[in-house]
Amino acid sequence: MAERVQQRLEDRVPELEQLERVGLFTHKEIRAVLRKASALEYKIQRRALRKEDFINYIQYEVNLLELIKKRRARIGYSFKKDEIEHSILHRVHSLFNRATGKWKDDVQLWLSHVAFCKQWNAKHQLSKVFSTMLAIHSNKPALWIMAAKWEMETRLSSESARHLFLRALRFHPECPKLYQEYFRMELMNAEKQRKEKKEFEQAKMDLGEFNYSEEILNGEMARIVYRDASQKIKGVEFQLAVLSIAKLFDFTQDLQKEILESLQTRYADDPLTWDYMARRELELGSLQPTEHTTKQKKVSEMAQREERCCAVFDEAVRAVPTEDMWKCYITFCLERYNRKTNSEELKQKRLERTLSVFSKAHESSLLPEALYKQWLQLLLDSSLSEKVVEVAEAATRHFSQSVETWQMRLRVLIQLKRDDVTQCFEEAIKHVKSKGTLPLWTLWVEWSEGTNSKEDTEALYQRSLHATTPAESVTMKEMYLDWTYRNGGYKKVKRLFTSLCENRPFSLDFFRKMIQIEKEQESCKMLHLREYYERALREFGSTNTDLWLDYIKEELSHPKGKPENCGSIHWRAMKMLQGDLVEDFVSKYTLLQTGHL
């Protein structure tokens, strides 16, 4: 191993001599580079190789290259690159090749090599990297796309890019993203050739030696790709993605028309098709020239375009009466309403339209639950209080089992300070199953705390403990304890704590809250703290190390504490804790004894 390392270090000598000779590095820096390189070389020559060692070595060489680049710029010296940089680049490529050969499955390692090649413009090496990487990771479409894009955009080789896409499609014949990028590449190639031809014609050059196919110039290759993809990939999303790509090129009108016809023929019942056709009305209107028009005319034109969109949507919800179709319509209306405009008339028209569409969807019983919240918010923002209450009530009729819908209605009533809040809470609890009612109970007691008398609120807390499931009652116990302390004082909360401890389950926070309350008292009694800790340890002593440590700290720090009890607490903890928690406890206890915890 030492011989190999020595040989590699000797291979560095010419470049290091050049670095010192031309004044980029000092003799002291050269010696430091050799020492570091020696240490790194030994690490990658061991039998048990580690990926981190290769990464560190590569990073060191890259940093060295960057430093040389900065120093060249500083002193204005640009010669001897073959003897210096090329030697280092060759070494980095060798390191990457060894690393990727050893850890073939590490895609990030391959991508790092690709990024390095791009950064240092190593085109020939990058072709080899892509070739090897794709042979190993042929199951990853994104890598094929990356390689083909590089061939097309950097090497300007449409043939190589096409070849890569065709190979990729043999492995992934139904990958939408591959077809989309292949389609885009063919259109980019056609556009590039069209520009070349135009420039040659403007220069009045003879085009005899250049073979520009009219079919390629008109995007026929892209049309072939689209037709092939359409047979294999179903779904309106793919059609819309391809159409959006085609719209980026100004010579694809015929192709766009074909895709649009296919979309309307094959996916006439899909809400996304109708959504696209309706929104298209906005774009069609914007293509008309609008120079020298007044603001009022622009507002009028925008209103007309939106009306045309809504006419298409109206036809859509008649043809495809589904929740998804209404959702598309409402989403469009909300988008237009949220757009900024200085015209109050247009804003008012958009608001009226949006509220009207919400009402129609609701009347058709096809308004999704999630959209009721947006409808209510819109009504609240518009100060339509009576309508808000009516809609919230209708929502709970449609989704009587939904906790979220009842919460939404209750919050509306609370915000409007209505008299029938309690009645609504009772109705909600009656309709919703006991499991999952916790959000309703927490909302109810929070509202009651600020509105009703202490007696009513306490009765509500007591009722909630029986009405919720055991797991949910844990949260209510914590809230009840906190509220009682804030409103009834220490003696009352202590009685309540004793009473609540008779019914499991509990949470750790429940006990910690009571311990904290005890500590806040002027005459904090250690006897009470021990009681609370002992109760908590009966429930959580086998799973929580911090509870034992806090108990020990309390005995050590409290004026009435008994440090002699710490030994027995430690012994009990060792017996009661499970699995790896014992080791964790021992570590923390040691830190506590040494004053580091």
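The values are calculated or read from the model by the stated rules, or taken from the named source; none is laboratory data. Keep in mind that what you see is a predicted model, and the values were worked out from it rather than measured. Every residue, glycine as well, gets a Cβ built from its backbone with ideal geometry; the counts of neighbours run over all protein chains shown. Keep in mind that these areas ignore ligands, DNA and RNA; they rest on the heavy atoms of the full protein, side chains included. Shrake-Rupley method; radii C 1.70, N 1.55, O 1.52, S 1.80 Å.
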Could you please state how large a percent of the accessible area of the chain is carbon and sulfur, counting protein chains only and using a 1.4 Å probe? 50
In square angstrom, rounded to the nearest 10, how much accessible surface does Val107 have for a 1.4 Å probe? 30
Counting heavy atoms of the protein chains only and a 1.4 Å probe, report the per residue accessible area for region 506-596 as a whole number of Å². 55
Which one of Ala222, Thr457, Gly595 is farthest out on the positive end of the charge dipole of the chain, using unit charges on Cβ (Lys, Arg +1; Asp, Glu -1) and the Cα centre as origin? Gly595
Quick one, which of (1) 61, 51, 22; (2) 40, 28, 22; (3) 45, 33, 23 is the actual semi-axes √(5λ) of the Cα gyration tensor in Å calculated for this model? (1)
Could you tell me which of the pairs Lys36/Lys118; Lys123/Lys247; Lys118/Lys232; Lys177/Lys247 are separated by over 29 angstrom between their Cα atoms in the structure shown? Lys123/Lys247; Lys118/Lys232
Let me cross-check Val403: its accessible surface, 1.4 Å probe, with only protein heavy atoms counted, in Å² to the nearest 10? 20
If I model a spin label as a point 7 Å beyond the Cα along the Cα-Cβ vector, how far apart are those points for Lys247 and Ser213 in nm? 2.9
Which whole-Hz couplings ³J(HN,Hα) result when phi for each residue of region 15-31 is put into the Karplus expression 6.51 cos²θ - 1.76 cosθ + 1.60, θ = phi - 60°, listed in order with x for Gly and Pro? 5, 5, 4, 5, 4, 6, 5, 7, x, 7, 10, 8, 4, 5, 5, 4, 4
Region 88-184: GluC sites (Glu not before Pro) in DSSP coil with no more than 16 other Cβ atoms inside 10 Å: Glu174
Can you work out the Karplus-derived ³J(HN,Hα) for every residue in region 192-204? Use 6.51 cos²θ - 1.76 cosθ + 1.60 with θ = phi - 60°, whole Hz, and x for glycine or proline. 4, 5, 4, 5, 4, 4, 4, 5, 5, 5, 5, 7, 6
Karplus (6.51, -1.76, 1.60) ³J(HN,Hα), θ = phi - 60°, over region 567-580, in Hz, Gly and Pro reported as x: x, 5, 5, 4, 4, 5, 4, 4, 6, 8, 5, 10, x, 5
So which lysines can Lys525 reach, going by Cα to Cα under 25 Å and dropping same-chain residues fewer than 8 places off? Lys477, Lys491, Lys492, Lys494, Lys513, Lys553, Lys560, Lys562
Identify all lysines with a Cα-Cα distance to Lys204 below 23 Å; exclude those on the same chain that are fewer than 8 residues away in sequence. Lys192, Lys195
With R₀ set to 25 angstrom, the calculated FRET efficiency between the beta-carbons of Asp456 and Gln401, to the nearest 0.05, is 0.35
